[in-house]
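The values are calculated or read from the model by the stated rules, or taken from the named source; none is laboratory data. Everything quoted here is computed from the prediction, not taken from an experiment. Every residue, glycine as well, gets a Cβ built from its backbone with ideal geometry; the counts of neighbours run over all protein chains shown. Please note that ligands, DNA and RNA were not included when accessible areas were found on the heavy atoms of the full protein model with its side chains. Shrake-Rupley method; radii C 1.70, N 1.55, O 1.52, S 1.80 Å.
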Amino acid sequence: MKRVVAALAAVCAVSLLLTGESAPAQRPLRVGYVVGYGATPDPNDLFGLPYFAFIRAVEKFGIEGRVLEVPPNQDPTAALSLFARQGYDLVIMGMADPPFAVTSVASEYGTTKFLLPDILWQYAPGVPKNVEGTDFRAGEAGYLAGYLAGLMEKRRPGRDVIGSVGGFRFLGVDRWIIGFEAGARRADPGIVMLKTYTNNFTTPAVCKTAALSQIAKGAGVVFNVAGECGLGTLAAAKEKGVWAVGVDVDQSFFGPTILTSAVLRLDRAVYDAIDALVRGRFRTGGNTVFDLRNGGVALGKISPKVPAAYLQRLEAVRRQIVAGRIQVPRVPG
């Protein structure tokens with residue numbers, strides 16, 4: 001109990017009460033958003049992007065929105081419980097923590113709905129019926145990025161080699177790499193794949209060392225799948241004049257050596273959930289799917305140096321994935 005009280009006392013709250021289009025309810029709908037301390041709405045950041053979408057939705061729909069920031073080394077249970085006790089209609093977990101806190105609070109407050117952006121519903125312990133998960137088919141965007149990487153590497157003289165630099169080996173990383181490698185092999189069946197896990201998401205120098213090693217082995221394209229650490233992968237590609245593929249958000253801002261980015265639209269998960277809530281259509285107890293078909297995953301900007309013929313082939317592959325004629329492999333289980 002003392003820990004919960006201390007956590008509540010430490011939580012920083014930012015209230016957003018904005019007017020605009022009226023929500024169809026007796027009182028304004030209330031949506032809570034839980035983030036880590038110091039988080040900011042930023043369309044160029046994986047966790048800043050859905051935060052940005054939350055603010056945009058609050059403004060658009062004229063609902064009451066409140067953000068609670070959780071201090072470092074605190075779990076989010078106290079913040080989630082505060083929203084639930086106050087009768088918020090929807091509580092969104094904007095942190096990368098495992099879903100234990102959400103399911104614990106959701107089990108106690110059955111009338112409040114909860115959203116887990118980018119976490120499968122069935123991964124939540126006890127899978128409460130008032131929780132909605134999300135199923136991002138990230139591998140589909142990874143497949144397109146890999147296909148383009150394979151095409152570009154095939155036109156380069158010498159042995160065809162590409163690489164991926166991942167953070168930790170788990171679903172959130174492997175879903176990108178599996179799709180990327182499958183797409184590259186479709187473009188170039190004989191291509192050599194290099195793969196490194198750095199066990200790091202925060203230190204760019206670590207990923208830069210790994211990427212430089214792959215480039216020294218002949219990689220003409222390197223794929224960043226390591227969060228902030230992966231900025232080192234992009235830096236290595238720029239330094240050596242080879243292609244890099246960004247991840248999660250459009251990383252074309254990094255410079256002309258970015259071939260493209262495999263993009264995860266976490267903003268869609270948040271904005272669409274609030275939109276559905278306002279319309280009385282938000283459902284829980286399963287997963288909302290985001291894929292190439294509905295634009296939940298995509299490619300970012302593509303380098304203008306890519307030949308037009310390659311863009312046409314890329315679009316043909318995208319259409320085949322959407323139509324189900326190409327089955328993109330997924331992480332087993």
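Of note:
- Only lysines eight or more places from Lys238 in sequence, or on another chain, were considered; those with a Cα closer than 29 Å are Lys154, Lys195, Lys208, Lys217, Lys301, Lys305.
- Computed lengthening from Arg279 to Arg169, 0.36 nm per intervening residue step minus Cα-Cα distance: 35.7 nm
- Taking packing as the residue-averaged number of other Cβ atoms within 10 angstrom, the listed peptides 78-91, 183-196 run from highest to lowest as 78-91, 183-196.
- Taking 16 Å as the cut-off, no amide N atom of the stretch 83-97 comes nearer than this to a point 7 Å along the Cα-to-beta-carbon line of Leu120.
- Three-way shape label, the stretch 23-72, alpha-carbon gyration tensor, a/c 1.5: oblate
- Charge context of Gln86, other residues only, Cβ under 15 angstrom, K/R +1, D/E -1: +2
- Rough spin-label spacing in nm, given labels placed 7 Å along Cα→Cβ, for Glu239 and Arg330: 3.9 nm
- Proximal charge balance of Asn294 [Cβ under 12 Å; K/R count +1, D/E count -1]: 0
- Extension gain, Lys60 back to Leu311 (0.36 nm per residue minus Cα-Cα distance, nm): 86.8 nm
- Förster radius 41 Å - calculated FRET efficiency between Arg319 and Thr202, Cβ distance, rounded to 0.05: 0.60
- Net +/- balance of residues flanking Lys154 in space, Cβ distance below 13 Å, scoring K and R +1, D and E -1: +3
- For Met193 and Arg27, a Förster radius of 45 Å and the Cβ-Cβ distance give a FRET efficiency of 0.20, rounded to the nearest 0.05.
- Heavy-atom accessible surface of the stretch 198-285: percent carbon and sulfur, 1.4 Å: 52 percent
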